[in-house]
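The values are calculated or read from the model by the stated rules, or taken from the named source; none is laboratory data. The model shown is predicted, which means the values in this text are computed figures rather than measured ones. Neighbour counts run over all protein chains shown; Cβ positions are idealised from the backbone, glycine included. Only protein heavy atoms, including side chains, enter the accessible area calculation; ligands, DNA and RNA are left aside. Shrake-Rupley method; radii C 1.70, N 1.55, O 1.52, S 1.80 Å.
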Amino acid sequence: MLLFRQCASMFFLITLLLLQPSPVLATTDAESSDSFPLQRFLDLEIEGISLSTLPEEVPVILEAAGYLQRRNSMFIKTFIKEAPLPGGRSSLYRIELEDTPQHRTITYLREEGGGRNKSSVEKNKPIPDNEAAWAKAIYELVCLNVPDKMNKARSCQPLQEQEIRFGEGGFLNISAHAGAQVNASGASTILGITYFKHKQSVNDKDL
């Protein structure tokens, strides 16, 4: 009788183990539910740095590109560069790297300052080649090879030589772990990429 009870107990435990979901399979299923190419996103480069770049390498790369570090707090590092333009104007470049327990963000800003007012011809000039390459790489992940409904929800404008833009120029959550901003033109550009260390809701509407 005792032997029968022991065998029955062992059989019950084995049955419970077999019925429990495998944590490895559960993780795999969760990861496969998000088809967004996160590693490709993390490797996108803006001025030689990406969200995958080691923090200690960032100043070295940006200083080699002509930037000077202007701010260094616990979570934020800011780098500035200035280049002259005809007519007494100048291009001002600003890169900000923010790394908090919640997210890691790279923001790039170019604007013009000083000198005479911009003419209509200058306003329609093409985006600088390096910025166009960065903007198109982000745009591709956000707006290309996605369903038409998602493309529309993200307000993806057709690519142009003078402008690359989505989300009406604002920031968008594009994946549970990724967000981006692109508003690039010949006159000024702002680019942003964010890695969320904890899952976020995606703000595509009516999908």
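Got a number for residues in the stretch 186-207 being in contact (Cβ under 8 Å) with a residue 60 or more places away in the chain and more than 12 Å from the chain's Cα centre (by Cα)?
Final tally of qualifying residues: 8.
Select the helices (runs of 4 or more DSSP H) contained entirely in the stretch 1-116, then report the ones holding at least 3 residues which are surrounded by 13 or more Cβ atoms within 10 Å (Cβ to Cβ), on the phi < 0 side of the Ramachandran plot and modelled with pLDDT of 50 or more.
In the stretch 1-116, 38-42, 58-64 are the helices (runs of 4 or more DSSP H) which contain 3 or more residues that are surrounded by 13 or more Cβ atoms within 10 Å (Cβ to Cβ), on the phi < 0 side of the Ramachandran plot and modelled with pLDDT of 50 or more.
Name every residue in the stretch 141-172 that is in a loop (DSSP other than H, G, I, E, B), touching a residue at least 40 places away in the same chain (Cβ under 8 Å) and open to solvent by 40 Å² or more (accessible area, probe 1.4 Å), in order of residue number.
The answer is PRO147, and nothing else.
Across the stretch 173-207, what is the total count of residues that are in a strand (DSSP E or B) and open to solvent by less than 20 Å² (accessible area, probe 1.4 Å)?
Qualifying residue count for the region: 12.
Pairs, please: C-beta under 6 Å, at least 6 apart or cross-chain, first residue in a loop (DSSP other than H, G, I, E, B) and in the stretch 125-140, second of a type in the set (Gly, Ala, Ser)?
From residues that are in a loop (DSSP other than H, G, I, E, B), the pairs are LYS125/GLY186; PRO126/GLY186; ILE127/ALA184; ILE127/GLY186.
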